[in-house]
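What follows is a short report on a single structure.
The values are calculated or read from the model by the stated rules, or taken from the named source; none is laboratory data. Because the structure is predicted, anything quoted here is derived from the model rather than measured.
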Amino acid sequence: MDGYLLTLFTHQDRRHAHRPLHEWLLDAARGLGLRGGTVVPGAESFGHDGRRHSAHFFELADQPVEVQLALTTDQLQDFFALLARERVEVFYVSTRVEFGTTGPSG
């Protein structure tokens, strides 16, 4: 199947609708019928303002987090429309990909 790999970049303490943003993003994707998504914690990053973000031993609030989704073109448009309606601002990278599954059920 042809589509997109969408990677959204945030950090642990960002919230939307009183929930961690990365959790909200996964649930939003599930609500649109996506078949899966992955949250990837990062060790360290820096944002558009040049400020460093990292996980500290006692405090994980500033830990970088990526949310990765594989979407069809229609799903990508629906997901971006939802983000616009919800007024979610998040940096992303979208890459054209081929995706599917292997094995007897694939």
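General observations
- The set of residues from segment 68-106 being under 16 Å from G31 (Cα atoms) and among the hydroxyl-bearing types (S, T, Y) comprises just one member, T72.
- You will find that of L82, L69, the residue that is assigned to a helix (DSSP H, G or I) and modelled with pLDDT of 85 or more is L82 and no other.
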